[in-house]
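Visitor: Can you read through this structure? Questions will come right after.
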Amino acid sequence: MKPLRIALSKGRIFNETIPLLAKAGITPVGDPDSSRSLIIKSNQPGVELLIVRSSDVATYVQYGGADVGIVGKDSLLEHGGEGLLEPLDLNIARCRLMVCGHPGTQLDEPQHRFRVATKYPAIARAHFASKARQVEVIKLYGSMELAPLAGLSDLIVDVVDSGATLEANGLVPLELIAEISSRLIVNRASLKTRQQPIANLIDKLGPKD
Ligand code: ATP
Ligand code: PRP
């Protein structure tokens with residue numbers, strides 16, 4: 001029997017997921033922090049962890065490279081969710097997806113075409129379209145806060161937690177797009193073929209009352 005494959009990214013999500021998996025009786029074998037291996041075995045022969053970029057988790061699960069995944073709602077919204085089920089809010093890596101920019105920026109200036117830098121182009125386009133605002137979206141892969149400082153864009157769309165990164169760069173949050181937390185996602189076909197182990201995992205990771 002193939003092991004159940006769980007896709008997740010190293011860093012914040014991995015660190016916050018390990019205690020949850022431990023409660024489900026799943027612990028990684030070896031030291032994942034120092035390991036360069038991208039498939040990490042667990043103490044359960046039936047469960048493996050796949051290490052992927054956080055923006056690739058939904059794609060791995062969509063195409064069945066992994067049966068389940070743990071991913072921020074921001075990445076999930078950007079992906080679109082095709083072929084995926086989202087049975088559980090894990091309530092970890094909480095933050096807010098926001099439009100940010102220089103203090104005093106008026107988002108509803110008529111006729112103004114804002115330039116928006118972001119690693120979430122689909123979300124940004126959908127958000128500004130829903131407000132009937134004209135925008136030009138510039139795709140970046142990180143350090144979004146630099147874009148308005150360098151004159152690359154008027155606005156950014158990024159996640160905000162404490163607000164410290166915005167503050168350190170003289171920017172402010174202007175508008176909320178969505179509250180974000182990490183979700184357990186499941187490949188639709190895997191839910192049928194691996195029904196029992198996936199149901200077990202959902203049960204063990206879900207809220208306890
Ligand atoms: P990629 O490598 O694909 O660009 P990333 O660098 O955004 O991904 P992380 O920084 O580990 O990856 O973030 C993973 C997830 O954690 C994000 O998708 C988001 O849901 C959440 N997150 C990001 N920044 C914060 C933050 N400052 N506080 C809380 N949660 C955050
Ligand atoms: C994320 C995000 C912001 C920052 C917000 O970056 O892109 O820059 O966190 O958090 P704050 O409001 O608490 O300052 P991260 O630290 O993950 O670095 P990254 O650019 O490598 O994703």
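Visitor: Given 0.36 nm per residue, what is the gain on full extension from Ala129 to Asn200 after removing their alpha carbon distance, in nm?
Guide: 21.5 nm
Visitor: Tell me the Rg and the Dmax, in Å, that the Cα atoms of the chain produce.
Guide: For the chain, the Cα-based Rg and Dmax read 19.0, 60 Å.
Visitor: Where the only charges are on Cβ atoms (+1 Lys, Arg; -1 Asp, Glu), what is the dipole of the chain about its Cα centre, to the nearest 20 debye?
Guide: So the dipole magnitude of the chain works out to roughly 720 debye.
Visitor: Given an 8 Å cut-off on Cα distances and at least 6 residues of separation, report the relative contact order of segment 95-177 as a percent.
Guide: Across segment 95-177, relative contact order equals 48 percent.
Visitor: Express the relative contact order of the chain as a whole percentage, based on alpha carbon pairs under 8 Å and six or more residues apart in sequence.
Guide: 27
Visitor: First check a/c for segment 95-177, with a ≥ b ≥ c the square roots of the eigenvalues of its C-alpha gyration tensor; if it is under 1.5, answer rounded, and if not, answer prolate when a/b is larger than b/c or oblate otherwise.
Guide: rounded
Visitor: Which of the chymotrypsin sites (Phe, Trp or Tyr not before Pro) across segment 104-209 are loop residues per DSSP, with 16 or fewer other Cβ within 10 Å?
Guide: Filter output for segment 104-209: Tyr141.
Visitor: Another question, if that's okay. How large is the charge dipole for segment 95-177, taken about the Cα centre, if only the Cβ atoms of Lys, Arg (+1) and Asp, Glu (-1) carry charge, to the nearest 20 debye?
Guide: 320
Visitor: Could you work out how far helix 12-23 tilts from the main Cα principal axis of the chain, as a 0 to 90 degree angle to the nearest 10?
Guide: 30
Visitor: Shifting gears a bit: Report the label-to-label distance for His112 and Ser34 in nanometres (one decimal), using points 7 Å from each Cα along the Cα→Cβ vector.
Guide: Distance between label points: 5.3 nm.
Visitor: With every protein chain kept in place and ligands, DNA and RNA left out, what is the accessible area per residue of segment 84-209? Probe 1.4 Å, answer in Å².
Guide: With the other protein chains kept in place, segment 84-209 gives 54 Å² per residue.
Visitor: Among Leu76, Gly25, Thr118, which residue has its Cα furthest toward the positive end of the charge dipole of the chain, with +1 on Lys/Arg Cβ and -1 on Asp/Glu Cβ?
Guide: Gly25
Visitor: Longer than 23 Å from Cα to Cα, which of Lys119/Lys192; Lys10/Lys119; Lys2/Lys204 are they? Say none if no pair is.
Guide: Beyond 23 Å between Cα atoms: Lys119/Lys192.
Visitor: Of the GluC sites (Glu not before Pro) in segment 81-189, which ones lie in a loop per DSSP and count no more than 15 other C-beta atoms within 10 Å?
Guide: Glu82
Visitor: I've got another one for you. With r as the distance between the Cβ atoms of Leu191 and Ala164 and R0 = 35 Å, compute the FRET efficiency 1/(1 + (r/R0)^6) and round to 0.05.
Guide: Calculated value: 0.35.
The values are calculated or read from the model by the stated rules, or taken from the named source; none is laboratory data. All figures in this text were calculated on a predicted structure; none of them were measured in a lab. Positions of Cβ are generated from backbone atoms using ideal geometry, with glycine treated the same way; all protein chains shown enter the neighbour counts. The protein model used for the area step is the full one, side chains on, heavy atoms only, and it has no ligands, DNA or RNA in it. Shrake-Rupley method; radii C 1.70, N 1.55, O 1.52, S 1.80 Å.
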